[in-house]
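This report refers to the structure that appears directly beneath it.
Derivation of every value follows stated rules applied to the coordinates shown; laboratory data play no part. Remember, it's a predicted structure, so these values are computed and weren't measured experimentally. Cβ coordinates were reconstructed from backbone atoms using ideal geometry, including for glycine residues, and neighbour counts include every protein chain displayed.
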Amino acid sequence: MGQLSALMQVMTGAARKAGRKLNRDFGEVENLQISRKGPADFVTAADRKAEEVLHEALAEARPGYGFLMEESGEIAGSDKSHRWIVDPLDGTTNFMHGQPHFAISIALEREGELVAGVIYNPATDDLFHAEKGRGAWLNERRLRVAARKDLAACVVATGIPFHGRPGHARFLTELHRVMGKVAGVRRYGAAALDLAWVAAGRFDGFWERGLKAWDIAAGMVLVREAGGFIAELDGGKDVLSTGAIAAGNEHVLPQLVELVKDAG
Ligand code: IPD
Ligand code: CA
Ligand code: CA
């Protein structure tokens, strides 16, 4: 990889800064496991603080850009053509349970188009980054989606709807259809990393419903720049607003969509 672009320096710098904070808090969370109340309040505070760090760093580097952030919502900017889409902590349940699979996700939208994405897991120091037209990278290594064509050889990731969310019955139908056709299904608990791992060829595909723009925006750039494709599960155009997403290479993606669509 050559020199990081100015934009990528801003995005990765912000992610690393917030990542240092999250990592310190993660160490603390591991100690809190044994307390009866558990670390829930502490994690909520860590999440908010990480968002503040990201907001501050990005706003300082690019004054005027708007924001869409999980905790603070939409913050309009004076520059109407740019918007950051930020999840300060994706994989909160993992984080809370001392599992080192969580990430900061930052995407940049320009004139309504996703043009850059960074997904950073500070616990493993995996920094995934991609910019439209410049490829997708894991740290210094160029990424390419897996080349498998045959579903029977594929490992695919998904997300299981949490307690209190809709779609449990439909998910079971989808899982039932997919598990009979693939080599394995994984549920690791961080949608941003699921997409980054598709970009890295670690997963052959991914599907999930009910996601938010901040869960998937950066990962969509990564998958596309790694030569993969994104689909909206119900045939709609705007996956960022419906949150019903599938990802994979040109062979796997249509087969996956065919299996899970119309499941309920
Ligand atoms: C969650 C994770 C999870 C997905 C959930 C998301 P959060 O984000 O991405 O993998 O299944 O739907 O809400 O709450 O950890 O930021
Ligand atoms: Ca999330
Ligand atoms: Ca989150």
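Laid out as a table, the results:
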quantity: Charge dipole (the chain, unit charges on Cβ, about Cα centre) - positive-most of Asn139, Met96, Val43; calculated: Asn139
quantity: Order of Glu52, Glu111 under a 10 Å beta carbon neighbour criterion, fewest first; calculated: Glu111, Glu52
quantity: Between segment 76-135 and segment 240-259, the alpha-carbon center distance in angstrom; calculated: 20
quantity: For the chain: relative contact order, % (alpha-carbon pairs under 8 angstrom, 6 or more apart); calculated: 17
quantity: Mean separation of Cα contacts under 8 Å, 6 or more apart, over the residue count of segment 6-142: relative contact order %; calculated: 21
quantity: Loop-resident sites, segment 126-189, for GluC sites (Glu not before Pro), counting at most 12 other Cβ within 10 Å (DSSP); calculated: Glu140
quantity: Which of Ile216, Ile34, Ile75, Ile85 has the fewest Cβ neighbours within 10 Å, and the rest in rising order; calculated: Ile34, Ile75, Ile85, Ile216
quantity: Ranked list, fewest to most other Cβ atoms within 10 Å of each Cβ, for Glu71, Glu51, Glu56; calculated: Glu56, Glu71, Glu51
quantity: Under the span-like rule (Cα at least 30 Å along the axis, Kyte-Doolittle mean at least -0.5), DSSP H helices of the chain; calculated: 6-32, 40-61
quantity: Most fluctuating residue given options Phe162, Phe206, Phe67, as computed from a GNM of the chain linking Cα atoms under 10 Å; calculated: Phe162
quantity: Per DSSP, loop trypsin sites (Lys or Arg not before Pro) in segment 1-102 with at most 14 further Cβ within 10 Å; calculated: Arg36, Lys37
quantity: Cα centre as origin, Lys/Arg/Asp/Glu Cβ charges: segment 6-142 dipole, Debye; calculated: 300
quantity: Value of relative contact order over segment 147-264, rounded to a whole percent, pairs C-alpha under 8 Å and six or more apart; calculated: 30
